[in-house]
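The block underneath contains the structure these notes are about, expressed in structure tokens.
The values are calculated or read from the model by the stated rules, or taken from the named source; none is laboratory data. Model, not experiment: these values are computed from the prediction. Cβ coordinates were reconstructed from backbone atoms using ideal geometry, including for glycine residues, and neighbour counts include every protein chain displayed.
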Amino acid sequence: MMDDVDSLIDAETNPLHRTILINYRRHGLLEVSGRYEDLLAPNMTVAHPHYRIFEGGQGVILDGMEAVRAFYRQLEELDMLVMWTGKQSMAVHDWGFAGEAEFSQFVPGALLGDNVFDAVANGVGSESRYDSGSFYLVRRTLAFMWPYNQDGRMIGEHVYEDTESKVITKVNDDEVITASRAAELLAPIIEKYGVPQ
């Protein structure tokens, strides 16, 4: 899921831009592995992060470390951290990076609504038109801009969904990558570039 980013890192000669890309790569792999405390550490993220996530015409604003930490904790409890990117187009600069990518995510039917984060916003048990006993693969294109500080620490995430690109497909249970399996698969590649310096 990070081959495109690895190519950018390997070609980057600007030290700050390289640090930002390494931070993003590590952040994504730690997130999917359920290691959100590591990605929120002071060597990765500023003390007061700010996230802006817009999906299905709805927004989730997370202001401050406790709000961001609670968001990740809830995604972990709902088993919704397993997501990955397809081909990414990205540009990096001193302020951070921006890009567009196709994101894929396994979501339990009981938690799926118009917005992938409906369960986070509305709580488990909200009405869903999907089979509550099944998993679905949700694919959609997201545009994103992540600001970074002058030390290459993430300030936040700004994420915007292209609602017309969303495709939801029911999958068999044996096709689902669980959080524990994702952590196992990603463990060997997280440390490729180490902690951003």
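If you take the residues in segment 165-184 that are surrounded by 15 or more Cβ atoms within 10 Å (Cβ to Cβ) and in a helix (DSSP H, G or I), which one is modelled with the lowest pLDDT? Per the stated criteria, the residue is A179.
Filtering segment 19-41 down to residues that are charged (D, E, K, R), under 15 Å from E191 (Cα atoms) and part of a helix (DSSP H, G or I), which residue is farthest from the chain's Cα centre (by Cα)? Don't jump to the end; show me each part of the working.
We begin by selecting, within segment 19-41, every residue charged (D, E, K, R); these are 25-26, 31, 35, 37-38.
Still in the list and also under 15 Å from E191 (Cα atoms): 25-26, 31, 35, 38.
Still in the list and also part of a helix (DSSP H, G or I): 25-26, 31, 38.
Values: R25: 10, R26: 11, E31: 7, D38: 14 Å.
Filtering first and then ranking leaves D38.
For segment 85-97, state whether one or more residues are at pLDDT below 90, under 22 Å from Y51 (Cβ atoms) and surrounded by 14 or more Cβ atoms within 10 Å (Cβ to Cβ). Within segment 85-97, one or more residues are at pLDDT below 90, under 22 Å from Y51 (Cβ atoms) and surrounded by 14 or more Cβ atoms within 10 Å (Cβ to Cβ). Condition (residue is at pLDDT 95 or above, surrounded by 14 or more Cβ atoms within 10 Å (Cβ to Cβ) and in contact with an Asp or Glu (Cβ under 6 Å, 6 or more places away or on another chain)) applied to segment 144-164: is it met by at least one residue? Yes, segment 144-164 contains a residue that is at pLDDT 95 or above, surrounded by 14 or more Cβ atoms within 10 Å (Cβ to Cβ) and in contact with an Asp or Glu (Cβ under 6 Å, 6 or more places away or on another chain). Of the candidates F71, F103, the single residue that is buried (at least 16 other Cβ atoms within 10 Å of the Cβ), outside any strand (DSSP E or B) and within 12 Å of the chain's Cα centre (by Cα) is F71.
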